[in-house]
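Colleague: Dropping the structure in here first, questions after.
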Amino acid sequence: MELYTPVLALAAIAAAFAVGSVLMTAVVGPKRYNRVRLDSYECGIEPTPQPYGGGRFPVKYYTVAMTFIIFDVEIMFLVPWAVYFDELAWFGLIAVVLFLFNITAAYAYEWRRGGLDWD
């Protein structure tokens with residue numbers, strides 16, 4: 001158990017910091033709300049109006065987020081492969097080629113659908 005004491009202590013400090021930060025913002029932060037402050041904020045552009053009674057709305061922000069996640073997963077797969085390239089031999093090469101084929105197919109699909117067009 002003594003090996004886990006520093007880990008538990010660090011977890012307790014992190015939890016105390018997180019809870020303390022939330023509590024301090026509630027206590028010290030401003031409490032005057034106006035219409036602009038309560039309005040949604042979408043990366044510096046005008047918020048997309050939501051139709052009354054439901055309906056379709058643009059999902060561009062979600063596709064950008066998913067593209068970022070795909071890039072992130074790709075890098076997290078390729079970096080360890082590059083580090084252990086000699087040890088993985090043919091198995092590693094085949095795995096990376098199949099992975100890159102799948103990623104390329106996904107990028108081509110998104111490109112054809114217009115997901116990479118920045119209006």
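Colleague: For the stretch 58-113, give the magnitude of the charge dipole about the Cα centre (Cβ charges: +1 Lys/Arg, -1 Asp/Glu; no others), in debye to the nearest 20.
Modeller: The dipole magnitude comes to about 400 debye.
Colleague: Going by C-beta contacts inside 10 Å, put THR63, THR5 in order with the fewest on the left.
Modeller: Values: THR63 15, THR5 9.
By the 10 Å Cβ count, ascending: THR5, THR63.
We did not get these values from a lab; they are worked out from the coordinates using the rules stated. Computed from a predicted model, the values in this text were never measured in an experiment. Reconstructed Cβ throughout: ideal geometry from the backbone, glycine too, with neighbour counts over all protein chains shown.
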